[in-house]
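In what follows, a single structure is set out as structure tokens and then discussed.
The values are calculated or read from the model by the stated rules, or taken from the named source; none is laboratory data. The structure presented is a predicted model; accordingly, all values stated were derived computationally and were not measured. Here the Cβ positions follow ideal geometry from the backbone for every residue, glycine too, while neighbour counts run over all protein chains shown. Each accessible area value is taken on the protein alone, full model and side chains, heavy atoms only, with ligands, DNA and RNA left out. Shrake-Rupley method; radii C 1.70, N 1.55, O 1.52, S 1.80 Å.
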Amino acid sequence: MAVFTEVSFEEAAAFVSTLDVGQLTALRGIGAGIENTNYFVTTTQGEWVLTLFERLTYEQLPFYLHLMRHLAQRGIPVPEPRSDDNDQILHQLNGKPAALVNKLPGGHQLAPDLHHCEQVGEMLARMHLAGADFPLAQPNLRGLPWWQETVPVVLPFLTDDQKALITEELAFQTELAASAAHAGLPRGPVHADLFRDNVMFEGLPGRERLTGFFDFYFAGVDTYLFDIAVCLNDWCLDLDSGRGVDERAVAFVAAYERVRPLSGTERRLMPAMLRAGALRFWVSRLWDLHLPRDASMLKPHDPTHFERVLRARIATPWHPQGQRDE
């Protein structure tokens, strides 16, 4: 459990009392996540999630919280931040920025099939369309500038072969980002971290329905294609080899396109953006592993997984329509 800031029952009780959600009856640290402090909160009125933000600032947080409210009010199943009597959704607890959101029903699906991938693809497209008129703008804070800043920091921990791979890929992505084709990609608010453990489903096996997306605290304005690529690299992946599973990917993209068709440029740049998604998470996992912060029971993710994914994407460019370059 990544708990950077301890919150007592009494402190949490005083906090929730200002948000008209009933009296606190239970408080439990969440055993997942490596960025923020999270607790499950039970009150006499329901189930909630309390987040204390450890890296994001008071200036950055309104984008995330208001994006979640914007999407929720447009029918996208996402947690909606709870406001106080002054309609403020960004609060403070134990000296840290804090928010309370409703807890989504259901559980994770860590072994997805076509049925799950189709639902995620469709809802992702719905989310992109619903966020298109969101008035606030903030870049993806884990985008290319962060990669350029962080790669030199993690290089000393890598083998010569890894150093060559990561520097060559960063150069490739830098050139791609400067291209006219990339500049013309459709963009808007994206989740940018929609892994299997950030989506909820409920129902009987084989008949599960998607009940929501959560953990929007890596969101930002970026290309929709990057968001799609991040999803494909997790939902439609063979975890052991890092290779894409064509059947799941075709189902995911087809469901997405039933809501929001891809442009020709998006189709053409998909293999390159899948590499970008792999690089982003390889870099961040290297950073978390080699430059960790103090936290209760913090366990960084294995960076070699996304190194393997990146190598697979370079060796065999992957087209989610089911065609592969030979």
Exercise. Could you check Ile34 against (1) at positive phi; (2) modelled with pLDDT under 95 and say which number it fails?
Key: (1)
Quiz item: Within segment 219-242, is even one residue within 29 Å of Leu165 (Cβ to Cβ) and in contact with a Cys (Cβ under 7 Å, 6 or more places away or on another chain)?
Solution: yes
Quiz prompt | Condition met for Asp227 (open to solvent by 10 Å² or more (accessible area, probe 1.4 Å) and either closer than 24 Å to Pro79 by Cβ or without any contact (Cβ under 8 Å) to a residue 24 or more places away in the chain (or both)) | solution = no
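Matching residues to (1) of a type outside the set (Phe, Trp, Tyr); (2) farther than 23 Å from Thr304 by Cα; (3) surrounded by fewer than 16 Cβ atoms within 10 Å (Cβ to Cβ); (4) out of contact with any Ser or Thr (no Cβ under 6 Å at 6 or more places or on another chain):
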{"position": "Glu149", "(1), (2), (3), (4)": "yes, no, yes, yes"}
{"position": "Leu155", "(1), (2), (3), (4)": "yes, no, yes, yes"}
{"position": "Asp160", "(1), (2), (3), (4)": "yes, no, yes, yes"}
{"position": "Ala164", "(1), (2), (3), (4)": "yes, no, yes, yes"}
{"position": "Phe172", "(1), (2), (3), (4)": "no, no, yes, yes"}
{"position": "Ala180", "(1), (2), (3), (4)": "yes, yes, yes, yes"}
{"position": "Arg187", "(1), (2), (3), (4)": "yes, yes, no, no"}
{"position": "Asp193", "(1), (2), (3), (4)": "yes, no, no, yes"}
Quiz item: Which residue, of Leu90, Leu71, is in contact with a helix residue (DSSP H, G or I) (Cβ under 6 Å, 6 or more places away or on another chain) and free of Cβ contacts under 8 Å to residues at least 60 places away in the same chain?
Solution: Leu90
Quiz item: Hey, any hits in segment 131-144 for a residue that's among the hydrophobic types (A, V, I, L, M, F, W, C), more than 23 Å from Ala178 (Cβ to Cβ) and either without any contact (Cβ under 8 Å) to a residue 40 or more places away in the chain or touching a helix residue (DSSP H, G or I) at 6+ places or on another chain (Cβ under 8 Å) (or both)?
Solution: yes
Quiz item: For segment 204-217, does any single residue satisfy the condition of being farther than 24 Å from His70 by Cα and aliphatic (A, V, I, L, M)?
Solution: yes
Quiz item: Hey, does segment 235-242 have a residue that's in contact with a Phe, Trp or Tyr (Cβ under 7 Å, 6 or more places away or on another chain) and of a type in the set (A, V, I, L, M, F, W, C)?
Solution: yes
Exercise. Filter segment 126-140 for residues that are over 16 Å from Arg69 (Cβ atoms) and either crowded, with 17+ Cβ neighbours inside 10 Å or of a type in the set (Asp, Glu) (or both) and give the result.
Key: Arg126, His128, Asn140
Quiz item: Only one of these conditions is not met by Leu298: (1) at pLDDT below 95; (2) surrounded by 17 or more Cβ atoms within 10 Å (Cβ to Cβ); (3) on the phi < 0 side of the Ramachandran plot. Which number is it?
Solution: (2)
Practice problem: Look through Thr5, Thr18 and report the one residue that is open to solvent by less than 40 Å² (accessible area, probe 1.4 Å), in a loop (DSSP other than H, G, I, E, B), over 28 Å from Gly188 (Cα atoms) and touching a residue at least 24 places away in the same chain (Cβ under 8 Å). | Solution: Thr5
